[in-house]
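First up is the structure itself, then whatever we jot down about it.
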Amino acid sequence: MTATQHRPSPTHLPTPTPSEPAAAHPLPLDSLPLYSLEVIAPSGRTPQLDGWTVQSWPIASLGDLTLQARPHHAATPDDLRAALHAAGITPLGPVRTHR
C-alpha cells in the first residue's frame with residue numbers, strides 16, 4: 001500500500017484594499033476638543049455654525065451668551081473665532097479648551 005499525501009488547495013483570500021484617507025473618516029466627536037467662551041450675540045440666540053455643534057446659555061459676565069462649541073473636524077480656537085465673526089457674533093475673552 002502506498003501512502004499519499006493530501007495537500008489542501010490554498011485558500012484565496014480577498015486582496016486587502018488600501019485604506020481611505022483620514023479625511024474620509026471623520027473623527028468621533030468626543031475625541032475633538034470642546035471650546036467655551038463668552039460672546040456678544042445681537043440676536044441673543046445660539047448661532048448656527050457650519051462644521052460646529054454649538055450650545056449656549058444666557059449667563060455671561062461680559063457678554064450676552066456663554067457658548068460651548070465642538071468642531072466636527074480638527075479645528076483650533078482661532079477657527080472658532082473666525083466662524084463666529086463670519087456669523088456676526090463677537091467673541092469676548094479667552095477661548096477655553098476642554099478635553
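Could you tell me how many of the residues in segment 52-68 are in a loop (DSSP other than H, G, I, E, B) and of a type in the set (Ser, Thr, Tyr)? Before the answer, list the steps.
We begin by selecting, within segment 52-68, every residue in a loop (DSSP other than H, G, I, E, B); these are 58-64.
After this cut, where a residue has to be of a type in the set (Ser, Thr, Tyr) as well, the list is 61.
Counting residues in segment 52-68 that are in a loop (DSSP other than H, G, I, E, B) and of a type in the set (Ser, Thr, Tyr) gives 1.
Just for segment 71-95: of the residues that are exposed (fewer than 13 other Cβ atoms within 10 Å of the Cβ) and under 16 Å from the mean Cα position of the chain (by Cα), which one is farthest from residue 53 (Cα to Cα)? Spell out the reasoning first.
Going through segment 71-95, the residues exposed (fewer than 13 other Cβ atoms within 10 Å of the Cβ) turn out to be 73, 78, 85-86, 88, 93-94.
With under 16 Å from the mean Cα position of the chain (by Cα) added as a condition, the list becomes 73, 78.
Details: 73: 11, 78: 16 Å.
Only one residue tops the list, namely 78.
Cβ-Cβ contacts under 8 Å between residues 6 or more apart (or on different chains), taken from a first residue in segment 72-99 that is touching a residue at least 60 places away in the same chain (Cβ under 8 Å) to a second residue that is of a type outside the set (Asp, Glu) and assigned to a loop (DSSP other than H, G, I, E, B), are listed as 97/33; 98/33; 99/33.
Per-residue answers, yes or no, for (1) at pLDDT 90 or above; (2) within 11 Å of residue 83 (Cβ to Cβ); (3) surrounded by 19 or more Cβ atoms within 10 Å (Cβ to Cβ); (4) out of contact with any Lys or Arg (no Cβ under 8 Å at 6 or more places or on another chain):
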site	(1), (2), (3), (4)
30	no, no, no, yes
33	yes, no, no, no
36	yes, no, no, no
45	yes, no, no, yes
58	yes, no, no, yes
66	yes, no, no, yes
69	yes, yes, yes, yes
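Does residue 49 count as touching a helix residue (DSSP H, G or I) at 6+ places or on another chain (Cβ under 7 Å), assigned to a loop (DSSP other than H, G, I, E, B) and touching a residue at least 24 places away in the same chain (Cβ under 8 Å)?
Details: touching a helix residue (DSSP H, G or I) at 6+ places or on another chain (Cβ under 7 Å): yes; assigned to a loop (DSSP other than H, G, I, E, B): yes; touching a residue at least 24 places away in the same chain (Cβ under 8 Å): yes.
Yes, satisfied.
Going through 8, 26 one at a time, which residue ends up being closer than 30 Å to residue 91 by Cα, modelled with pLDDT under 80 and not in a strand (DSSP E or B)?
On the way: 8 fails: closer than 30 Å to residue 91 by Cα.
Only one candidate passes the filter, namely 26.
For segment 79-94, a residue qualifies if it is at negative phi and part of a strand (DSSP E or B), and the qualifying residues are 90, 91, 92, 94.
The values are calculated or read from the model by the stated rules, or taken from the named source; none is laboratory data. Since this is a predicted model, take the numbers as computed values, not measurements. We place every Cβ from the backbone using ideal geometry, glycine too, and count neighbours over all the protein chains shown.
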